[in-house]
1. What is the distance, in nm, between label points placed 7 Å from the Cα along the Cα-to-Cβ direction at ARG141 and at ASP188?
2. At what distance in nm do the modelled label points of ILE6 and ALA178 sit from each other, each positioned 7 Å from its Cα along Cα→Cβ?
3. Between ALA197 and GLU103, what is the label-point separation in nm under the 7 Å Cα-to-beta-carbon projection?
4. Quick one: putting +1 on the C-beta of Lys and Arg, -1 on the C-beta of Asp and Glu, what dipole do you get for the chain around its Cα centre, in Debye to the nearest 20?
5. Rg/Rh for segment 85-165: what does it come to with C-alpha atoms and Rh from Kirkwood?
6. Could you go through segment 127-141 in sequence order and give the Karplus-derived ³J(HN,Hα) for each residue, using 6.51 cos²θ - 1.76 cosθ + 1.60 with θ = phi - 60°, rounded to whole Hz, and x for Gly and Pro?
7. In a Debye calculation with equal point scatterers on the alpha-carbon sites of the chain and no solvent, what is log10 I(q)/I(0) at q = 0.09, 0.17 Å⁻¹?
8. If a paramagnetic tag sat 7 Å from the Cα of ASN94 along the Cα-Cβ line, which residues of segment 40-62 would have the backbone N under 20 Å from that point?
Amino acid sequence: MPKPHIPLEDIRAQVEGCRKCTLADGRTQTVFGVGNPSARVLIVGEAPGKNEDLQGEPFVGKAGQYLNELLAIAGLAREDVFIANVLKCRPPGNRDPRPEEIELCTPYLREQTRTIDPEFIVTLGNFSTKFILKTEIGITRLHGTLQRAGKFKVFPIFHPAAAIYDGSKREALENDFATLGELLRASDAEQAATASAPAQPAPESTAEEAPAAAQPVVEQPHLL
Ligand code: SF4
C-alpha cells in the first residue's frame, strides 16, 4: 500500500527541530521552503545562503529577484511554484554541501516532493540535479534537457548564482526558463486535447512539439 503523504506543516516541524547534522550548530534558522503547497512546478536549489539563513526563506535578496525574473520568462509567478533546497540549513561560508549532509537532509526533500506532487521538478545547479536524477552527469551537459525521475518530469537548469560569476550563463538560464514555459504550455495543450475529445478518435496532434530533448539522457528508475 502506498505510504500516506505527510502534511507540509508536519514536515516543516520536523525540519525546525532537526539536529541530525552539524549544520544545525551554525544556523540562524532552518529554511524549509516556500510557495504553493500543490504547485505544478517544484524548484529545487542547493542550500540556504547568508540572507536565506537570516530570513528563513530560500532565494531572497538579489538571487531571489533574479529567480523571479527567470520565472516570469516561463510565465510563472513566484507564488505559483514551491521553492525548496537540498539542504535546509546554511553551510558555513556558503561552502558546498557534503555527501553526509545531503544523505541526512534529503529525506525531508523527498517527503516535500511526495506531498506537493508536482508535474515538473526544476533542479537548479549540480547538487540538486545529481540528487534528483541520481546521476554523475553534470549540469553543463544536462541543463535545458527534459529528464524523468519516476513519475516526475525533471528539467535541470544552471543555478542562478552561476550567472553572477559567469555572465555567459545568463543567456543559458534565460533560454532554459523560456523552454520550461514552452514545456508547460505543451503539456497544457496535451491535457486540453485529451479532456475535450474523450470519445473521439485521437487527433493527429494539437499539442505543440515538446521543445527539449525527447530522450532522457539519464535513465532514472525512481525518485521516491
Ligand atoms: S541541514 Fe538538514 S539534516 Fe542537517 S540539521 Fe539542517 S535540517 Fe537537519
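Bear in mind these aren't lab numbers, they're just calculated from the coordinates by the rules spelled out. Source: prediction; values computed, not measured. Every residue, glycine among them, receives a Cβ derived from its backbone with ideal geometry; neighbour counts consider all protein chains shown.
1. Once both label points are built, they end up 3.4 nm from each other.
2. 4.1
3. In this crude label model, GLU103 to ALA197 measures out at 5.2 nm.
4. Values: 24 positive and 30 negative charges, 135 e Å.
Rounded to the nearest 20 debye, it is 640 debye.
5. Working: Rg = 12.6 Å, Rh = 13.3 Å.
Rg divided by Rh gives 0.95.
6. 5, 6, 4, 5, 5, 5, 8, 6, 9, 9, 5, x, 5, 4, 7
7. So the normalised log intensities work out to -0.36, -1.26.
8. Residues 44-62 fall inside that zone.
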